[in-house]
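Scroll down for the structure; my scribbles are underneath it.
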Ligand SMILES: Cc1ncc(C[n+]2csc(CCOP(=O)(O)OP(=O)(O)O)c2C)c(N)n1
């Protein structure tokens, strides 16, 4: 019986079937559901690590210890894990290891659009790229076999449409792989210069062997139809091309994207007329083809930026566009917003009047950058708010430090904010850092993390004590505030800004979407008192609007009784006492 | 069974339960022996943003997404989203739209206006529009949260197979406690067309 599964669920299923026993990951869209789905298999140990570097090292340690192991991350997560990745390549594995990395072309949920194939090439680690859920399952299983056969960790490249697409898979039973013996082997496992020089040679030989293997193994497949046009593609671009061109073209579908074959590509090119390379993001396959004398057309016609679809291919290659209808009116955009009852709204609303430079970070609170809150000055990568604020204040002096803060979520602080805070304390900085502690990793869909005292399976565990941690690293000023108490929050931040020493402000209130959070009844507007002044809209809550013709056309406020959870932020912004329970 | 691939889009506002509707559809098409692909977006745009899910079924489905001019049916959970995704409908496709309006932040802050008479304007373009008060029907069924299943019921009417297939899928997918409400929601949608 075929089952409809997300690509991510199919990868998790493969971990089960391939006898994997250790999984360590850090969440990141679109990779998160792999590890969440893995928790349903009791045979597979799974955990959330504090960041991707730790996750990779845990999985690699498990592989050294003889287990089949796994880690997953989004594309930018692989930057964080790049350090172990490049040297793990030299060491190789004992039990098989696979690292899934999910790219996000089109940036549905990411801060950049980098192409993770570059990491595979640079670290000389082989990479497979599935094109649907069935291949997510079969390629992941194959990657374990190859990992052990060629003595290397494997990368599995996913992308949003593959990870978050459901398609049919066939399930098989689990195959147990008993833990392999561990034997001390300094020449292989201790990468000091003398050993690494030898291992680098091994890596180069391995790449050649893998290239031979991919020429003949059937991992890359060829479909001959009309031979006037030949398409070279991989992963989701195969689906786009096949949909757009059907039998009007022949296809060379790559299953392994590092290393790339040479002989079989040359052979394909000889059998077809004009060859096109259809690849999302960078021109990696195209450059490879040119290097080996295959005259291809790629980025000349197809974009480097953005996600591909059948219409991108159709328009580029055939110049065709399907007829369609559109309204003449302008359609206002609908950007994502902080949820109704979100504690981050309290913090940003409280600080709005202070006119601060806000060094931002990555999480739900990044949405505070948008109007009407407009409270974020920068957003780079996880952790950069804290270290970036230190640099900003070094550049502009202690007066600036009295007008600037960093905002960082609990999960992001653990991921890579702590090191920045140590830098501030150690180097006698004076910055004020605010941790938005909502007891969960919110943006990626509610994962437990080291601050909330729960494991991936929801079992109780120790929780990082942020106050004690700050003291231990040399931050003497630590205050805890409730972001819904906006006045106290503002006063506390103002007080900390005035001190010429570093402070940590912990704005603590759990995420409104947590099941354990009890909500107030919805609030109502007293239309007699409301003057239509719109002060209540300053917090950017989606459940309140001002409309109608009352108050000389200014309208009156109205609160959506189905949405409002009674956080009282709008009531506190109202000078006329018009909003009450 | 060699009919062309059918394309259905489910569009709405993050948090409205569009993912359950696509999941139920996907299951029903598998049940009927089709190849199926469903494409969802998780993460950032979930938070009150515009969300879209693609469901495609037929003998063999390649691309997981639906592009401009390709959708046979669009199920819109909100009027502005119906307008936004209209270009994805085939000129002879069917638009099923809930009549509720949810202001996006740029409208709340007064930076843009919510367009007037969306559904009539779409009708004027020659599109077959099925307008429905799914929120009211869901409330009648017992929970506003069953709005998605009401809309599924309406769509099921145009998908041509037995009502029982759908009801089975609904029963086997929704939480046991909500089966009765969801069955009723489906029936009300199916009868409303
Ligand atoms: C290196 C890296 N890993 C993962 C992500 C994905 N990601 C975006 S925000 C976020 C966590 C946000 O959680 P938290 O800091 O607790 O803030 P919240 O969303 O709860 O407000 C993650 C994991 C990323 N952007 N970069």
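The values are calculated or read from the model by the stated rules, or taken from the named source; none is laboratory data. Values in this document were obtained by computation on a predicted structure and should not be read as measured data. Counting neighbours? That spans all protein chains shown, and the Cβs are built from the backbone with ideal geometry, glycine included.
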- Item | Residue list for region A:422-444, restricted to those being more than 14 Å from the ligand (Cβ to nearest atom) and not in a strand (DSSP E or B) | A:422, A:423, A:424, A:425, A:426, A:427, A:428, A:429, A:430, A:431
- Note on the structure: Those residues of region B:33-54 which are more than 30 Å from residue B:108 (Cβ to Cβ) and at the interface with chain A (Cβ under 9 Å from one of its Cβ atoms) amount to B:35, B:36, B:37, B:38
- Query: Which ones in region A:549-564 are within 13 Å of another protein chain (Cβ to nearest Cβ) and not in a strand (DSSP E or B)?
  - Reply: A:553, A:554, A:555, A:560, A:561, A:562, A:563
- Message: Can you name every one of the helices (runs of 4 or more DSSP H) wholly within region A:13-99 that holds 2 or more residues which are away from the ligand (no atom under 16 Å from the Cβ)?
- Response: A:32-38, A:52-64, A:82-91
- Restricted to region A:351-378 and to residues being part of a helix (DSSP H, G or I) and within 15 Å of the ligand (Cβ to nearest atom), the residue surrounded by the fewest Cβ atoms within 10 Å (Cβ to Cβ) is A:369
- Note on the structure: Selection from region A:379-390 of residues outside any helix (DSSP H, G or I) and closer than 25 Å to residue A:510 by Cβ yields A:379, A:382, A:383
- Is one or more of the residues making up region B:83-98 touching a residue at least 40 places away in the same chain (Cβ under 8 Å), in a helix (DSSP H, G or I) and more than 9 Å from chain A (Cβ to nearest Cβ)? yes
- Query: What's the number of the condition residue A:334 fails, among (1) facing chain B (nearest Cβ under 10 Å); (2) out of contact with any strand residue (DSSP E or B) (no Cβ under 6 Å at 6 or more places or on another chain)?
  - Reply: (2)
- Message: Go through (1) out of contact with any strand residue (DSSP E or B) (no Cβ under 8 Å at 6 or more places or on another chain); (2) farther than 29 Å from residue A:185 by Cβ for residue A:39 and report which single condition fails.
- Response: (1)
- Name every residue in region A:161-189 that is away from chain B (no Cβ under 14 Å) and in contact with a helix residue (DSSP H, G or I) (Cβ under 9 Å, 6 or more places away or on another chain), in order of residue number. A:172, A:173, A:174, A:175, A:177, A:180, A:182, A:186, A:187, A:188, A:189
- Task: Would you confirm whether any residue within region B:113-127 is within 9 Å of chain A (Cβ to nearest Cβ) and under 30 Å from residue A:242 (Cβ atoms)?
- Result: yes
- Could you tell me whether region A:509-518 includes any residue that is part of a helix (DSSP H, G or I), under 30 Å from the mean Cα position of the chain (by Cα) and either in contact (Cβ under 8 Å) with a residue 24 or more places away in the chain or within 14 Å of another protein chain (Cβ to nearest Cβ) (or both)? no
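Listed here are the residues, each with its yes/no results for (1) in contact (Cβ under 8 Å) with a residue 40 or more places away in the chain; (2) part of a helix (DSSP H, G or I); (3) more than 13 Å from chain B (Cβ to nearest Cβ); (4) away from the ligand (no atom under 16 Å from the Cβ).
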residue: A:107; (1), (2), (3), (4): no, no, no, no
residue: A:110; (1), (2), (3), (4): yes, no, no, no
residue: A:119; (1), (2), (3), (4): yes, yes, yes, no
residue: A:137; (1), (2), (3), (4): yes, yes, yes, yes
- Task: Output the residue which, of all residues in region B:173-193 that are over 15 Å from the mean Cα position of the chain (by Cα) and not in a helix (DSSP H, G or I), is surrounded by the fewest Cβ atoms within 10 Å (Cβ to Cβ).
- Result: B:175
- Message: Just to check your reading of the model, which residue among B:170, B:135 is in a helix (DSSP H, G or I) and surrounded by fewer than 19 Cβ atoms within 10 Å (Cβ to Cβ)?
- Response: B:135
- Item | Enumeration of residues in region A:302-321 that are more than 7 Å from chain B (Cβ to nearest Cβ) and assigned to a loop (DSSP other than H, G, I, E, B) | A:302, A:303, A:304, A:305, A:306, A:307, A:308, A:319, A:320, A:321
- Query: Within region A:445-459, how many residues turn out to be within 18 Å of residue A:52 (Cβ to Cβ), modelled with pLDDT of 95 or more and within 13 Å of the ligand (Cβ to nearest atom)?
  - Reply: 5
- Message: Looking at (1) assigned to a helix (DSSP H, G or I); (2) away from the ligand (no atom under 14 Å from the Cβ); (3) in contact with a helix residue (DSSP H, G or I) (Cβ under 7 Å, 6 or more places away or on another chain), which one does residue A:324 not meet, given that it meets all the others?
- Response: (1)
